[in-house]
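Peer 1: Next up is a structure, given as structure tokens.
Laboratory data are not the source of any read-out in this text; all were calculated from the coordinates shown. Fair warning: this is a prediction, and the values are worked out from it, not measured in the lab.
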């Protein structure tokens, strides 16, 4: 299920926003574009696990040019509780 309600509320009420973490949010390209259109001071944007974002056309370029610290939907989560280190069960 997709939902841009949060993104549209952000773009309408927080134009001075500098940092935004939308980790796991259901926003789409429409919501992301609304945020980019109206939050001109945005420097840090975390979109990890936002699986409804599709960086097609100009969107990825627009984000990478405007946002100093950009985390994309497929970027890893260093705070994840999953331990992905190898353990040798035979020793």
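Peer 1: Suppose the chain between residue 6 and residue 64 were pulled fully straight at 0.36 nm per residue; how much longer would it get relative to their current alpha carbon spacing? Walk me through the numbers on the way to the answer.
Peer 2: Numbers: separation 58, 0.36 × 58 = 20.88 nm, distance 2.18 nm.
Separation in residues times 0.36 nm, less the Cα-Cα distance, equals 18.7 nm.
Peer 1: Principal axis extents for segment 21-78, Cα atoms only, whole Å, descending order, please.
Peer 2: Here the spans come out as 27, 20, 17 Å, largest first.
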